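What follows is calculated from the coordinates using simple rules that are stated; it is not laboratory data. Note that the coordinates shown come from a computational prediction; the quantities given were computed from them, not determined experimentally. Positions of Cβ are backbone-derived with ideal geometry, glycine not excepted, and every protein chain shown enters the neighbour counts.
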Amino acid sequence: MVYFIGAGPGDVDLITVKGRKILEMADVVIYAGSLVSKEHLKFCKGNAKFYDSSTMNLDEIIEIIKKEDLESKVIVRLHTGDPTIYGAIYEQIRELEKNNIKYEVIPGVSSFTASCARLNAEFTVPEITQTVILTRLSGRTLVPDSEDLEKLAAHKSSMAIFLSVHDIENVVKKLINGYKDENVPCAVVYKATWEDEKIILGTLKDIADKVRKNNIKKTAQILVGYFLRDNGTVSKLYDKNFSHEFREGLND
Ligand code: SAH
């Protein structure tokens, strides 16, 4: 049996109780070492076997599962955040079905909600917007034309943009064209809930500069929309109660 489990965004206690319980029973854990904290593995049995999938391709992952499943073990495929969002589980599930291997998907805390929580914000502020758009720039995986960032931004909804901070200039250009406003509040949350988390606040006009200065190139959420201003988030973040670490991102 294979369990696809959402490990959460970083902080090991942000896995679900169900996910943690299965992890404790697991015989084999295949985890995405680049984004999943190794601390999760401390909860496993002493004789559990670990594989880091960050250097493996799909065939290699499936080969391990097939080999291990023949011995009817509990196999955990540990994904970052929530496995149903940019988790690439579909291609794995297809192979498991071909091989008649049973599986279950256990949800997790996605980095987009974790990032919003770190800002003490709410995506769905009444009378501002009731819609959240999750998206990304095209990369090796193409985004359909109908979902181009500029077209999505025209809705003026709250947005959480994954997998795109390396090209923040392009993101900002498309967003300004779509929102038709360069003063839309924007926050970039790097490694939300990890110890080296960084939060950068700004608007579409200045966020790209700030992101460059802070040398953020990956593992960040770009949150955009009027929800960040109108619920007071920005002023709260300047409050003296916020930690020094928090302030680093704010200072430039
Ligand atoms: N399934 C994951 C997303 C995987 S795609 C989830 O639900 O969060 C990887 C992208 O997620 C990264 O490029 C980044 O945009 C975002 N991401 C993952 N972990 C993050 C974190 N702790 N803080 C901010 N963004 C994160």
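What the table below lists for this structure:
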quantity: 5 angstrom amide H check on Gly33, placed H, neighbours 5+ away; calculated: Ser53, Ser54
quantity: Qualifying lysines (Cα of each under 21 Å from Cα of Lys49; at least 8 residues distant if same chain); calculated: Lys18, Lys21, Lys38, Lys66, Lys67, Lys73, Lys102
quantity: Taking Lys66, Lys98 and counting other C-beta atoms within 10 Å, the order from fewest to most; calculated: Lys98, Lys66
quantity: Most mobile of Thr124, Thr113, Thr141 in a GNM of the chain (Cα contacts under 10 Å); calculated: Thr141
quantity: Beta bridges per DSSP with both ends in the chain, % antiparallel, nearest 5; calculated: 40
quantity: Lys, Arg +1 and Asp, Glu -1 on Cβ, resulting dipole of the chain about Cα centre, debye, nearest 20; calculated: 180
quantity: Net dipole in debye of the range 73-180 [+1 Lys, Arg Cβ; -1 Asp, Glu Cβ; about Cα centre; nearest 20]; calculated: 200
quantity: Choice from Phe50, Phe162, Phe112 showing the highest fluctuation, given a GNM over the chain with Cα pairs closer than 10 Å; calculated: Phe50
quantity: Whichever aspartates and glutamates have a C-alpha closer than 12 Å to that of Lys210, once near sequence neighbours (fewer than 8 apart) are set aside; calculated: Glu169, Glu248, Asp252
quantity: Equivalent-ellipsoid semi-axes of the range 111-228, from the Cα gyration tensor, Å, largest first; calculated: 19, 17, 14
quantity: Label-zone membership for the range 1-16, site Lys42, 7 angstrom Cα→C-beta point, backbone N under 19 Å; calculated: 7-16
quantity: GNM result for the chain, Cα springs below 10 Å: residue of Glu68, Glu127, Glu197 fluctuating most strongly; calculated: Glu127
quantity: Estimated D of the chain in µm² per second, where Rh is the Kirkwood radius over Cα pairs and Stokes-Einstein applies at 25 °C, 0.890 mPa s; calculated: 127
quantity: Computed over the chain: relative contact order in percent, which uses C-alpha pairs under 8 Å that are six or more apart; calculated: 19
quantity: Farthest toward positive dipole pole in the range 2-106 [+1 Lys/Arg, -1 Asp/Glu at C-beta], among His79, Gly10, Cys44; calculated: Cys44
